[in-house]
Amino acid sequence: MFEKLFSPIKIRDLELRNRVVMSAMGTHESAESEDGKSVTDKLIAYHVARAKGGCGLNTVEVCAVDKASSPHGFLSLAEDKYIEGNKKLNDAVHAAGGKTCLQLWQGGLAVASDQTAEILLPDAMPLSAEYTVPAITEERLLSVIEAYGEAARRAVEAGYDSIEFHCAHNYLPHSMLSGGLNHRTDNWGGSFENREKFPLECIKAIRKNMPEGMPLFMRIGCHDDMLEGGLTVEEVIRFCKDAKEAGVDVLNISRGNILTAATMYEVAPVDVPNGFNVSDAARIRKETGMLTMPCGRINTPEFAEKVLKNDDADLVVMARAQLADPNFCNKAKEGKLNAIKYCIGCDQGCYDYFCNALYNPAIKHITCMRNPALLEEENMELKKAEKSKKVLIAGGGIAGIEAAADLLECGHTPVIYEASASLGGQFAIAGVAPRKDDFKYACDKAIKNIEDLGVEVHLNTVLNAETIKEVKPDAVIIATGSSSIKPNIPGIDADYVVDAHDLLRGKEVSGKTAVVIGGGLVGIECSEFLAEKGFTVSTVEMQDKVLTQLGQLRQIGTQMALAAEPITIMTETVCKEIKYNTVIVSKGEEELSLAADLVVVAVGSRSNDSSALQEACKELNIEYHVVGDANKPGLALAAIHQAYNAVLEINK
């Protein structure tokens, strides 16, 4: 199965067991080290888990090469003192059967999260009225080039199998190369030949300190988005040819910059199509004759195999896919496709947590909605229980489904009771919304997995106190979810008023105009869902913003979609009354009438009452855990994490 994906490949003297590459992803785990820049035991365990899981090549995250511009919370190899920790990581990954790559990095503007780190930019840039970052001097450019070479030497001493030069995403090499970012008038700017000089000199310095048989990868954007004067794909191809002459072997095709909304493409959310860099990567591969590997939302083995079989690439980057499931490769190779926990592109645990961790010391490192044990591989490992327990699960939403699979892995006997006729709950409903096919795919696979595992499931069945008293289980997980709030608005009971979840579940509706009350995530999804059906939609939100539950990149993706749809967003607007074909709203002192053949209510939800279940458990002294929306309405990340923690507690 997936013969091309799991076929070996040789690059110079490096032999990889398959074509799957886990590219570099910032974890912020180094912040927990003594100086905030070193390899930790958790980082080692994280990479070992993915090596054991069958990954072809583990790329260790962005690693600073220059001491003065090395920020806290990012790895550094700017000094010899860091060699030992990196060697320990390499030894552990090699012992687990894996191969390693280190991504060398100078972060440019991105180091600004650490006020002690020097910001290096091609041009002067005002950060505030009081301070302007000066343009990097020629002397400093030369020192950074030397730093790349020295970092390469250290990487070789530490035992890495390959090195990657990061020349994308607004970091200094990309900023010097791009005409949209480099406006210098000296020998390091202006013409293309001058602009490519710095990254080429960095490559030469790196290559000089690498063994002949050691491969050099380069991460490069296929073109610049939303950046006037930025790199075109033709310029990128021209540069890659020159980089090949300087010693680069493999191109890691990426995209994005942190100055514009194109930052969305760096850690692309579900709003961006799967494999959005593949076509550009295929062109670059063809015109440069170089080995290439596209990144960007390649999260199923079927899609990865297709990319390779179509001869669009030589390797594929499957990075977040392996955050979600460290055993992704082994499961795919063995054909256990339903057992894979698939990345859904939510960005909640990876990108959002990383950004928040830079400023919130309570957040130690990234996580993943699908994988609560990310970077806690040893502390939160699911282990076989000493004693098997019978666990009743009230609710077959995603929290209940995941809990059942995890309990079974530990040797327990889970039984799911679901009040409706199907599993999946609100996670399944979310998959109906525009651009969220990955949610549906992941949910369907999770449901099929517990079917494959033979988990006992009772549909159309409410777990009640009587059943608990009759069965007398060892533990109960209460995942009964939440129900929509019904606001006290005149006309709310009219037959043309529908609940948001009922709409997404498939309730038939008709008309040409609609008003959606509520501009949260569900409200906006309903608005887009109706727009796809031909409705002209007005979305009414009391607050001054919509989509406040979403992180930066999902907000960008959703706002870009909204701009192209027949949807009017009305913030700081209150719904006063619902009448036939009309909704009365107030915005400040102004009262407005909105046309509405259909009204959708999406003002939030409240936890379903589980007090009877809790009392029954207390009466019989049965361990119980309330998780997900039954505990507090929120995002799926919280629900899955709470369910996982409940399993760990039951397993004690």
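Structure notes:
- Total charge dipole magnitude, the chain, about the Cα centre, Cβ charges on Lys, Arg, Asp, Glu only, Debye to nearest 20: 1360 debye
- Linear extension gain, residue 129 paired with residue 7, 0.36 nm per residue minus alpha-carbon span: 38.3 nm
- Convex hull volume per residue for the stretch 1-157, taking Cα atoms only, in Å³: 134 Å³
- When 437, 91, 271 are compared by accessible area at a 1.4 angstrom probe, the order from most to least is 437, 91, 271.
- Contour minus Cα-Cα distance for residue 488 and residue 362 (0.36 nm per residue): 41.5 nm
- Length, then width, then depth: along the principal axes, the Cα atoms of the stretch 124-180 run 46, 22, 18 Å.
- Principal-axis tilt of helix 521-532 within the chain, Cα atoms, nearest 10 degrees: 90 degrees
- Peptide packing: for 226-233, 242-249, 424-431, 413-420, the average count of neighbouring Cβ atoms within 10 Å per residue gives the ranking 424-431, 413-420, 242-249, 226-233, highest mean first.
- Computed extension length for residue 495-residue 452: 11.3 nm, one decimal, from 0.36 nm per residue of separation with the Cα-Cα distance subtracted.
- Remark on residue 219: its backbone amide H falls under 5 Å from those of 165, 166, 167, 252, a criterion applied only to residues 5 or more positions apart or on other chains, H modelled at 1.01 Å from N.
- Of all accessible heavy-atom area on the chain, the percent that carbon and sulfur account for (1.4 Å): 48 percent
- Think of a 1.4 Å ball rolled over the protein heavy atoms: the stretch 117-229 then has 38 Å² of accessible area per residue.
- The chain - mean residue ellipticity at 222 nm from DSSP helices (-39,500 (n - 2.57) per run, n ≥ 4, rounded to 500): -9500 deg cm²/dmol
- Direction-averaged projected area, Cα convex hull, the stretch 223-346: 8.3 nm², rounded to one decimal.
- Residues of the stretch 163-195 with amide N under 14 Å of a point placed 7 Å along Cα→Cβ from residue 241: 193
- With K and R counted +1 and D and E -1, the other residues having a Cβ less than 14 Å from that of residue 345 yield a net charge of +2.
- Other residues within the sphere of radius under 14 Å centred on the Cβ of residue 331, judged by their own Cβ, net out at +3 (K and R +1, D and E -1).
- Relative to the longest principal axis of the Cα atoms of the chain, helix 552-563 runs at roughly 70 degrees.
- Within the stretch 1-159, antiparallel bridges make up roughly 35 percent of the DSSP beta bridges whose residues both belong there.
- Förster radius 41 Å - calculated FRET efficiency between residue 204 and residue 338, Cβ distance, rounded to 0.05: 0.25
- Our Cα-only numbers for the stretch 162-244 put the radius of gyration and Dmax at 12.6, 40 Å.
- For the stretch 308-350, radius of gyration divided by Kirkwood radius, i.e. Rg to Rh on alpha-carbons: 1.02
- Debye, to nearest 20: dipole size of the stretch 154-211, +1 on Lys, Arg Cβ, -1 on Asp, Glu Cβ: 120 debye
- 12 Å cut-off, amide nitrogen to a point 7 angstrom out along residue 138 Cα→Cβ, residues in the stretch 85-112: none
- Antiparallel DSSP beta bridges within the chain, as percent of all bridges there, nearest 5: 25 percent
- Here the label points at residue 548 and residue 388, each 7 Å from Cα along the C-beta direction, are separated by 4.9 nm in the simple model.
- Nearest 10 degrees, 0 to 90: helix 398-409 Cα axis against the chain principal axis: 70 degrees
- For residue 200, the shell of other residues with beta-carbons less than 12 Å away shows a net charge of +2, using +1 for Lys and Arg and -1 for Asp and Glu.
- Among the listed options (1) 41, 28, 24; (2) 73, 26, 23; (3) 45, 32, 22, the one matching semi-axes √(5λ) of the Cα gyration tensor in Å as calculated from these coordinates is (3).
- Working from Cα pairs under 8 Å separated by at least six residues, relative contact order for the chain is 11 percent.
- Convex hull (Cα only) mean projected area of the stretch 343-456, reported in nm² to one decimal: 8.4 nm²
The values are calculated or read from the model by the stated rules, or taken from the named source; none is laboratory data. Keep in mind it's a predicted model, so treat the numbers as computed, not measured. With ideal geometry, Cβ positions are generated from the backbone for all residues, glycine too; neighbour counts draw on all protein chains shown. In case anyone asks, the SASA skips ligands and DNA or RNA and just uses the protein heavy atoms, side chains included. Shrake-Rupley method; radii C 1.70, N 1.55, O 1.52, S 1.80 Å.
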